[in-house]
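The next block holds one structure in the form of structure tokens; read it before the comments.
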Amino acid sequence: MSDCQARVPESTNIWQFCVVLPNAKIGENCNICSHCFIENKAVIGNNVTIKNGVQIWDGVTLEDDVFVGSNVSFTNDRYPHAKNAAWQLTPTVVKRGASIGAGSTILCGVTIGENAMIGFLSLHDVTAMHAAEIHEAARRVIDSGWYLQGKENETFECHYANYIGTEHCIGCANGLDALIWIFRAYIELGVMQPGDEVIVPANTFIATILAITENGLTPVLVEPRRETLEMDDLHIEAAITPRTKAICIVHLYGRCAMTEKIADLCNRYNLKLIEDNAQAHGCMWKGKRTGSIGDAAGHSFYPGKNLGALGDAGAVTTNDAELATAIRALANYGSQQKYVFRYAGRNSRLDELQAAILDVKLKYLDEDIKRRQEVAAYYYDHIANPLIELPARLPDTSNVYHLFPVLVKDGKRDALQAYLAANGVGTVIHYPIPPHQQECYAHAPWNNPQLRLPITESLATSELSLPISPCMTHEQVKYVVTQINKFND
Ligand SMILES: *Cc1c(COP(=O)(O)O)cnc(C)c1O
């Protein structure tokens with residue numbers, strides 16, 4: 001306990017290694033964690049929590065019930081210089097009930113609104129939900145002395161295959177590799193050849209397209225529907241040629257992209273159906289989980305995904321035993337037997353630490369999805385602003401709300417984003433530049449510089465993703481809606 005405890009109310013706790021200057025005003029029932037520094041002209045209300053390593057400088061006011069995450073930085077000088085510069089104190093006010101996520105920087109002169117939240121997604125909070133079990137799993141692996149290709153992979157692969165509903169799950173290094181290995185394995189097995197075509201949505205994260213081009217295959221981009229944001233199945237048949245070998249659907253934003261029409265086209269034209277399930281673990285189509293409805297699926301466990309590791313991780317799920325065997329070899333230098341190499345593979349394995357952590361988090365995935373669906377339901381029921389279009393609402397089984405995209409009309413997207421940021425709501429654009437307009441594909445033989453994809457391009461300038469996560473409180477969700485409904489630019 002710090003020796004400055006005497007200067008603050010007894011109901012307030014100040015933990016070790018804090019410095020509190022004598023004239024700082026600190027209210028009742030606060031909790032100030034270790035390594036904080038509080039200056040004389042700081043004002044802190046009642047019931048305030050300040051996590052480790054935060055400095056509250058002169059001129060910073062935190063009203064009642066404010067939460068400040070660890071290592072948040074405040075600045076109180078408008079033009080900070082190293083030394084001897086003209087000092088210009090500019091006050092910062094954090095209004096009652098606001099939460100500031102770990103690691104945020106709050107510039108001086110800013111007022112953060114009542115009950116505001118800062119940050120789009122706090123991975124700190126996501127991990128904290130199951131911290132004890134995650135620490136325990138990590139400790140088990142650390143102490144085991146076995147870090148690759150062991151029991152943890154076996155257990156997680158088995159549990160994840162059961163969850164998705166496939167015979168096989170092969171852990172690998174990340175979601176991009178998972179998709180790369182699917183196409184590469186089809187090439188190794190003679191099912192596809194470089195130059196073959198893969199039909200894919202034009203509006204997707206670049207990794208979907210990279211997995212195709214990395215293998216020398218040709219992506220054939222198909223426009224989405226503006227209402228669903230998913231590939232428009234009415235345009236697929238016209239894109240099929242004798243070289244088409246697969247349709248790759250992407251369950252973007254956590255929305256199911258599968259349709260009867262796509263199933264029918266795959267059957268009639270004998271095409272492989274590959275799912276990019278990076279954003280949709282747990283989503284369903286006709287009673288089956290996405291990731292089990294096609295021939296093979298790539299999953300990402302990037303930390304921000306619905307099922308996220310504490311680093312990079314991914315997996316392939318499939319019912320095709322031959323494909324599974326090839327993928328397992330490819331991701332392990334191309335080897336099925338130690339020091340014998342069947343393919344020129346790469347090292348792309350899931351490590352034991354991540355597998356153990358994922359196995360903990362998998363148990364809570366359905367609960368987390370339910371919470372996301374509650375947040376989404378509140379958004380659907382309460383967002384009412386003529387400038388904002390909500391995507392068609394799917395039944396909850398078909399949307400696990402990895403993201404909550406809205407479309408902003410009249411070129412007001414960037415204005416809305418700036419307005420929300422000024423009011424303490426973090427948002428992200430998914431995605432500002434579509435793949436066909438990326439520099440990496442400027443000279444790709446399949447990409448005509450004149451190619452116009454008007455729907456995809458308009459999504460890139462009108463899409464905005466609102467905060468959604470299993471850790472959002474009801475107050476926070478309400479606050480986001482109130483701010484959005486007030487926006488009229
Ligand atoms: C995240 C993501 C990927 C790639 O996953 P990584 O694990 O980040 O490599 C692929 N496709 C989509 C749609 C994604 O969102």
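The values are calculated or read from the model by the stated rules, or taken from the named source; none is laboratory data. Note that this is a predicted model, so its numbers are computed, not measured. Positions of Cβ are generated from backbone atoms using ideal geometry, with glycine treated the same way; all protein chains shown enter the neighbour counts. The protein model used for the area step is the full one, side chains on, heavy atoms only, and it has no ligands, DNA or RNA in it. Shrake-Rupley method; radii C 1.70, N 1.55, O 1.52, S 1.80 Å.
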Using alpha carbons only, how many degrees (0 to 90, rounded to 10) separate the axis of helix 365-382 from the longest principal axis of the chain?
70
Given pairs Lys409/Lys486; Lys41/Lys83; Lys245/Lys286; Lys286/Lys361 and cut-off 18 Å on Cα-Cα distance, the over-length ones are Lys41/Lys83; Lys245/Lys286; Lys286/Lys361
With the 8 Å Cα cutoff and a minimum separation of six or more residues, the chain has a relative contact order in percent of 13
Hey, what angle do you get for helix 321-330 against the long axis of the chain, alpha-carbon based, 0 to 90 degrees rounded to 10?
60
Hey, got the dipole for the range 383-487? About the Cα centre, +1 on K and R Cβ, -1 on D and E Cβ, debye to the nearest 20?
200
Quick check on the range 236-391: take the gyration tensor over C-alpha atoms, sort the square-rooted eigenvalues as a ≥ b ≥ c, and tell me if it's rounded (a/c under 1.5), prolate or oblate.
oblate
In whole percent, how big is the carbon plus sulfur part of the accessible area of the chain, probe 1.4 Å, protein atoms only?
52
About the Cα centre of the chain, how large is the charge dipole given +1 on each Lys and Arg Cβ and -1 on each Asp and Glu Cβ? Please answer in debye to the nearest 20.
360
Quick one: accessible area per residue over the range 317-372, 1.4 Å probe, rounded to a whole number of Å²?
49
When only DSSP loop residues count, what GluC sites (Glu not before Pro) in the range 1-90 have their Cβ near at most 10 other Cβ atoms within 10 Å?
Glu10
Using helices alone, what [θ] at 222 nm do you get for the chain, with -39,500 (n - 2.57) per DSSP H run of 4 or more residues, divided over all residues and rounded to the nearest 500?
-9000 deg cm²/dmol
Cα→Cβ-extended label distance, 7 Å offset, between Glu114 and Glu374, nm
2.4
By how many degrees, 0 to 90 and rounded to 10, does the Cα axis of helix 352-362 deviate from the longest principal axis of the chain?
80
Of 261-267, 273-279, ordering from highest average Cβ density within 10 Å down gives 273-279, 261-267
Of Val110, Ala344, Asn203, which is farthest on the positive side of the dipole of the chain, counting Cα position, with +1 on Lys and Arg Cβ, -1 on Asp and Glu Cβ, and the Cα centre as origin?
Val110
Lysines near Lys338 by alpha-carbon distance under 19 Å, same-chain residues fewer than 8 away left out - which ones?
Lys151
Dipole check, the chain, charges on Cβ (K,R +1; D,E -1), about Cα centroid: among Val428, Asn485, Ala313 the Cα furthest to the positive pole belongs to Val428
